[in-house]
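Asks: Submitted below is the structure of interest, expressed as structure tokens.
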Amino acid sequence: MKKLFMMLLLLLSIKPLTAQEYELGADLVSRYVWRGIELAKGASIQPAFSFSYGDFSAGTWASYALSPQAAGGDEHDFWASYSFGRFSVTMTDYYFPGGANNDIFDFSNNGQGAHVLEAAVAFNGGEAFPLGIFFAANVYNDLDKSLYLEVSWETASGVGFVAGFARGNSAWYAVSNPGLRAINIGVSYTKELKFYEGYGVPLSGQIIFNPSLKMSYFVVGLSL
């Protein structure tokens, strides 16, 4: 685990190469809701940096609550992904600096370490068939070995639909009943918010319903 983390740091620091692309951005969201679960109450800033070389990409993503009272949901992740055709595989290292254990060097695999490693595979049908299928499994430092399955559909008009399910008995996804539980049912819409001619930023809105927790959320966000 530590070797993977250090390798991702090394990848993020190498000098530019031919055909290598970099991206830097940030989202401002009214509330941090992840896969149907509220991780931070109130607005959060979510910076992201990534680079790609051919079919390989890697990067880092974070979420920081603007209110100190919601800092317990702060998050800083590293990820690496490889795409082949319509499919991609991704490894993500989740780290929560505002959590009970925020020692970034604690890679314990007993459920108490500071990192959780997720392996995921995704299918993207493209514009002609905009179906998305995503499956993720926690493979390190999660005693429940949590699983998540998501199916999504996005229309050309900017409207998207998502249905996400978690396997029962998972503290990670806040479910305790056996079998698959619906935790992330939602609809979203994205449009460009124009400030003046030739410049605008994407504005998104999501209505999210978690049947397992009997909760709903309405989240809006700006992408920079």
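The values are calculated or read from the model by the stated rules, or taken from the named source; none is laboratory data. Predicted model, so just to flag it, every value in this text is computed and none were measured. Ideal geometry is used to build each Cβ from the backbone, glycine not excepted, and the neighbour counts take in all protein chains shown.
Asks: Applying the selection to segment 133-165, what residues are without any contact (Cβ under 8 Å) to a residue 60 or more places away in the chain, small (G, A, S) and either part of a strand (DSSP E or B) or surrounded by fewer than 19 Cβ atoms within 10 Å (Cβ to Cβ) (or both)?
Replies: A136, A137, S152, A156, S157, G158, G160, A163
Asks: Further, regarding this structure: Can you tell me which of (1) part of a strand (DSSP E or B); (2) within 29 Å of L149 (Cβ to Cβ) is the one S212 doesn't meet?
Replies: (1)
Asks: On the given criteria, is G111 more than 18 Å from the chain's Cα centre (by Cα), more than 30 Å from F84 (Cβ to Cβ), exposed (fewer than 14 other Cβ atoms within 10 Å of the Cβ) and of a type outside the set (A, V, I, L, M)? Outline the logic, then answer.
Replies: Details: more than 18 Å from the chain's Cα centre (by Cα): yes; more than 30 Å from F84 (Cβ to Cβ): yes; exposed (fewer than 14 other Cβ atoms within 10 Å of the Cβ): yes; of a type outside the set (A, V, I, L, M): yes.
So G111 fits the description; yes.
Asks: Please specify each residue of segment 125-154 satisfying the condition of being more than 22 Å from N101 (Cα to Cα) and within 16 Å of the chain's Cα centre (by Cα).
Replies: If the condition is that a residue be more than 22 Å from N101 (Cα to Cα) and within 16 Å of the chain's Cα centre (by Cα), then G132, I133, F134, F135, A136, L147, Y148, L149, E150, V151, S152 are the ones that fit.
Asks: While we're looking at this one, here's another question. If L17 meets every condition in (1) at pLDDT below 50; (2) within 20 Å of V201 (Cβ to Cβ); (3) not polar (S, T, N, Q) apart from one, which number is that one?
Replies: (2)
Condition check ((1) over 16 Å from the mean Cα position of the chain (by Cα); (2) modelled with pLDDT of 90 or more; (3) part of a loop (DSSP other than H, G, I, E, B); (4) closer than 24 Å to V187 by Cβ) across all residues:
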position: M6; (1), (2), (3), (4): yes, no, no, no
position: L12; (1), (2), (3), (4): yes, no, no, no
position: Y22; (1), (2), (3), (4): yes, yes, no, no
position: Q46; (1), (2), (3), (4): no, yes, no, yes
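Asks: Let me ask you something else. Quick one: which of Y217, Y189, Y173, Y196 is over 29 Å from D144 (Cα atoms) and surrounded by 14 or more Cβ atoms within 10 Å (Cβ to Cβ)?
Replies: Just a single option satisfies the conditions, and that option is Y189.
Asks: In addition: Closer than 21 Å to I37 by Cα, of a type in the set (F, W, Y) and out of contact with any Cys (no Cβ under 9 Å at 6 or more places or on another chain) - does that describe any residue in segment 144-153?
Replies: Yes, there is a match, as at least one residue in segment 144-153 is closer than 21 Å to I37 by Cα, of a type in the set (F, W, Y) and out of contact with any Cys (no Cβ under 9 Å at 6 or more places or on another chain).
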